Amino acid sequence: MAKIPAPTLPWLCLFGFVSAGIEGCNGPESPGCLMRGGDWVEVVEVYEVSPRELILNNHMNVVVEMWDSAATQLVWSGPENILAYRWSLWDGDALELGHEDRCQWMRDLGANVGLTVRAPDISKFALHGQGRFDALMSNADMAVTVDAHAYAGYVMLECELDSLTVRLHAGACSARAEGTVGTLSLFASGLSGVDAKGVQAQRVFVNQSAHPVLRFQAEEYAYVALNSHSNAVGTLPMPEDYYVVRNGSGQLIWEE
């Protein structure tokens, strides 16, 4: 008689998981239960005040729009049971947002929680987690900082500002910026990269410490620190004056 092979570990895990599902998930020793994400819904929240700093966590696709109202409007979209675990925390004039993203949710992983933020003049954004961040900022008197730390995803900035600072570190983030600014400051490290060739800037300060190429353009002045093996690419025509510091093997290249 042929021997029946002993079940492998994956089959044992599957059998145990199905058994747990049949027996129920209420026992103190039970594994994490599968939970239904729920139907797609939209939830609107309004605060009478607006933050100066916005801190974003977890896996979300976020759109930021500046408007004339002094209030802040949050428009959440996603599976209703997941949105029930959204959270917001005020700390002075900083607003931190996120949601509990449990691995046992039964949902389409290709559809992220969405969040649209409408508020006046947010000057600092901190990104943690993953997803997509799109911001439209139009105030020629403002200085704005976007700081992505331990963040994986995409950042798209459309701006008309006095100054813009973009810092990408400890993550894998691809950022693109377009518009007009007086002073542009760019920092990228690791697997993160910045494409700011679409920004018309008077002055640019670059710290290239990343693997991907960093792109920019400057009219009056550029300071470029090359701290990795990768290049910084400036768009022609060259600025009136520029200064280069080489601490790595990367080069400053000028292209059309």
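The values are calculated or read from the model by the stated rules, or taken from the named source; none is laboratory data. Note that the structure is predicted; figures quoted are calculated from it, not measured. Backbone-built Cβ (ideal geometry, glycine too); neighbour counts: all protein chains shown.
Report those strands (runs of 3 or more DSSP E) wholly inside region 71-161 carrying at least 3 residues which are modelled with pLDDT under 95 and within 18 Å of residue 49 (Cα to Cα).
none
How many residues does region 57-93 contain that are in contact (Cβ under 8 Å) with a residue 12 or more places away in the chain and on the phi > 0 side of the Ramachandran plot?
Qualifying residue count for the region: 2.
Could you please tell me which pairs satisfy a Cβ distance under 9 Å, a separation of 6+ or placement on different chains, a first residue in region 129-142 that is free of Cβ contacts under 8 Å to residues at least 60 places away in the same chain, and a second residue that is of a type in the set (Phe, Trp, Tyr) and in a strand (DSSP E or B)?
Here the result reads none, with nothing in region 129-142 linked to a residue that is of a type in the set (Phe, Trp, Tyr) and in a strand (DSSP E or B).
List the number of the failed condition for residue 110; all other conditions in (1) surrounded by fewer than 22 Cβ atoms within 10 Å (Cβ to Cβ); (2) in contact (Cβ under 8 Å) with a residue 12 or more places away in the chain hold.
Going through the list (1) surrounded by fewer than 22 Cβ atoms within 10 Å (Cβ to Cβ); (2) in contact (Cβ under 8 Å) with a residue 12 or more places away in the chain, residue 110 breaks only (2).
Just the residues that are under 20 Å from the mean Cα position of the chain (by Cα) and closer than 22 Å to residue 34 by Cα, please, taken from region 49-81.
Within region 49-81, 58, 59, 60, 77, 78 qualify.
Where in region 169-217 are there strands (runs of 3 or more DSSP E), lying wholly inside it, with at least 2 residues that are touching a Cys at 6+ places or on another chain (Cβ under 9 Å) and more than 20 Å from residue 130 (Cα to Cα)?
Qualifying strands (runs of 3 or more DSSP E): 172-190.
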